[in-house]
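Participant: Before I ask anything, here is the structure I am working with.
Coordinate-derived values only; no laboratory data. Small disclaimer: the values here were computed from a predicted structure and weren't measured. No Cβ is skipped: glycine too gets one built from the backbone with ideal geometry, and neighbour counts run over all protein chains shown.
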């Protein structure tokens with residue numbers, strides 16, 4: 001066996017899909033399949049078993065994975081430390097993000113990271129929704145994520161990096177557009193568009209509305225601010241209950257109005273990582289930076 005085979009095995013074990021693993025490794029699927037078969041022949045045990053279109057580790061594969069992950073981590077960390085001593089820290093950091101942090105929190109983090117550690121580390125960014133991003137971190141597909149908090153994930157650490165405000169969004173022709181702030185009850189019988197329940201943010205907003213004791217006439221649901229903004233742009237009678245993010249930027253005809261009941265920084269954003277997973281030096285440095293920025297160092 002060789003180091004490449006072990007890296008291929010580790011990636012496939014984490015994503016559980018040959019095509020996705022091959023794409024992440026920048027090799028062809030047949031090359032990945034042949035490498036895994038050679039490794040299994042050499043070890044004398046099957047490492048994976050099919051499950052629908054995916055694969056999963058066998059009991060032998062699960063045991064082997066722990067040793068391979070630990071070994072590769074030690075090699076990568078040793079390499080990174082040696083390179084860092086030579087002022088050339090390198091490697092990759094895979095970061096999943098919600099798109100709404102890409103105008104503020106994410107640029108600040110990346111700028112400070114490159115200022116401290118140089119530009120040789122390849123930070124690869126992937127976009128998604130909070131629950132999916134958290135699952136990717138748990139699976140080891142992403143090293144880190146920038147997203148909201150998800151409860152009942154005991155292996156994950158959530159480092160606060162910033163927050164977003166909850167506001168009312170109205171068309172410039174709406175009667176509330178000229179107000180600097182409103183109470184939620186001022187929405188009255190206007191049709192409301194807000195986030196879909198069952199999502200992290202949707203459940204958070206619906207708990208807030210329930211806490212306010214106001215019955216809103218919800219007519220539309222969405223998963224992001226761009227969709228919400230398009231609903232209001234198409235029908236100016238709607239009022240949106242939304243985070244104030246870059247997703248509203250494409251709609252110059254819309255106005256945001258502060259909600260009196262909503263605390264500033266209503267929706268915290270965190271850097272998320274698995275505290276039990278082996279991290280490379282490059283990833284460890286980004287976690288340390290995030291904790292420093294959050295005042296937790």
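Participant: Give me the compactness ratio for region 185-230, meaning the Cα radius of gyration over 2.2 N^0.38 Å.
Facilitator: Dividing the Cα Rg of region 185-230 by 2.2 N^0.38 Å gives 1.11.
Participant: Note the direction-averaged projected area, equal to a quarter of the hull surface, for the Cα convex hull of region 158-199, in nm².
Facilitator: 4.9
Participant: With a 10 Å Cβ neighbour count serving as the proxy for reagent exposure, in which order, fewest first, do 73, 206 appear?
Facilitator: Ranking 73, 206 by Cβ neighbours within 10 Å, fewest first, gives 73, 206.
Participant: Follow-up. Using only Cα atoms, tell me the angle between helix 281-293 and the longest principal axis of the chain; keep it within 0 to 90° and round to the nearest 10.
Facilitator: Computed tilt is about 30 degrees.
Participant: Please find, in a Gaussian network model of the chain (springs between Cα atoms separated by less than 10 Å), the residue of 31, 264, 233 whose mean-square fluctuation is greatest.
Facilitator: Among 31, 264, 233, the largest GNM mean-square fluctuation belongs to 31.
Participant: Rounded to a whole number of µm²/s, how large is the Stokes-Einstein D of region 146-225 at 37 °C and 0.692 mPa s, given Rh as the Kirkwood radius over C-alpha pairs?
Facilitator: Answer from the Stokes-Einstein relation: 223 µm²/s.
Participant: Looking at the chain, what % of its DSSP beta bridges pair antiparallel, to the nearest 5?
Facilitator: So the antiparallel bridges amount to about 55 percent of the total.
Participant: Cα convex hull of region 177-297: how many Å³ per residue?
Facilitator: Looking at region 177-297, the number lands at 150 Å³ per residue.
Participant: Would you mind checking the tilt of helix 3-15 against the longest principal axis of the Cα atoms of the chain, expressed as 0 to 90 degrees and rounded to 10?
Facilitator: 30
Participant: Can I ask one more? So what's Rg/Rh here for the chain, counting alpha carbon atoms and using the Kirkwood radius for Rh?
Facilitator: 1.07
Participant: For the chain, find the longest principal axis of its Cα atoms and tell me its angle to the long axis of helix 225-234, 0 to 90°, nearest 10.
Facilitator: Roughly 30 degrees between the two axes.
Participant: Normalised by the number of residues in the chain, what is the relative contact order in percent for Cα pairs under 8 Å and 6+ residues apart?
Facilitator: The value is 22 percent.
Participant: Report the rotationally averaged projected area of region 14-107 based on its alpha-carbon convex hull, in square nanometres.
Facilitator: With the hull built on Cα positions only, its mean projection is 8.9 nm².
Participant: Evaluate the relative contact order of region 170-236 (contact order divided by residue number), counting alpha-carbon pairs under 8 angstrom at least 6 apart; express in whole percent.
Facilitator: Across region 170-236, relative contact order equals 40 percent.
Participant: What value in Å³ per residue do you get for the convex hull of the alpha-carbon atoms in region 119-186?
Facilitator: 187
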